[in-house]
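Derivation of every value follows stated rules applied to the coordinates shown; laboratory data play no part. Remember, predicted model here, so these are calculated numbers, not experimental data. A quick note on method: Cβ atoms are made from the backbone with ideal geometry, for glycine too, and the neighbour counts reach across all protein chains shown.
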Amino acid sequence: MDEALERQIAVGSVIVLDSSAVLAYLDGGEQVSAAATHVIDGLVRSGRNLGVISAVTVTEALVRPLRLAHDSITAVEDFLRNFPNLTIVPIDYAVSREAARIRALTGLRTADALVMATAVVSGASVVVGNDERWKSAVDKLGTPFALCLLSDFAR
């Protein structure tokens, strides 16, 4: 799995991590968690690749620990604020406009369109996620980035 992932994600390329990848990494118990951990710890933490997340991913990552008033809030916030080689991209006009274009052409949910727009605006080479519906959207849009689905690398 590790070698196959590394072949799909070129050294030095910018990776946008979809919320599904971040949630699988933070949870640790999903079928795709090992693949997410390899990408986030093995590629981003190490500095092999720069990681980017959308501000919408921050929201999605914090919902469960806040809903449960769980001690994991501190760990999630530490990850979001301090993880090496990981940048949070705000939802500004350029990202919002691109998300609207993506949503209009594909019908993706707003959160998904915002993550995809973050990839386009930030010039990312790869988006790592776990949503099969993105395949048709990426094909339809002819995006400038490749889609890496964690489920393709699940053990």
* Under a point spin-label approximation (7 Å from Cα along Cα-to-Cβ), what is the residue 72-residue 93 distance to one decimal in nm? -> 3.9 nm
* **Percent antiparallel among DSSP beta bridges (both partners in the chain, rounded to 5)** => 0 percent
* Seen from all sides and averaged, what is the projected area of the convex hull of the Cα atoms in the stretch 6-55, in nm²? -> 3.3 nm²
* Structure fact -> For the chain, the Cα gyration tensor yields equivalent-ellipsoid semi-axes (√(5λ), largest first, whole Å) of 22, 19, 15
* Structure fact -> Loop-resident trypsin sites (Lys or Arg not before Pro) in the stretch 96-140 with no more than 16 other Cβ atoms inside 10 Å, DSSP not H/G/I/E/B, are 109
* For residue 146 and residue 64, FRET efficiency with R0 = 35 Å and r from the beta-carbon atoms, rounded to 0.05? -> 0.75
* For the chain, modelled as a GNM with alpha-carbon contacts under 10 angstrom, which of 127, 115, 58 fluctuates the most? -> 58
* Asked: If you wrap a convex hull around the C-alpha atoms of the stretch 19-86 and split its volume per residue, what is the figure in Å³?
  -> 75 Å³
* Structure fact -> In this structure, the FRET efficiency calculated for residue 154 and residue 105 from their beta-carbon separation, with R0 = 41 Å, to the nearest 0.05, is 0.90
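To the nearest 20 debye, what charge dipole does the chain have about its Cα centre, counting +1 at the Cβ of each Lys and Arg and -1 at the Cβ of each Asp and Glu? Present the calculation step by step, with values, prior to reporting the outcome.
Working: 14 positive and 18 negative charges, 88 e Å.
The calculated dipole for the chain is roughly 420 debye.
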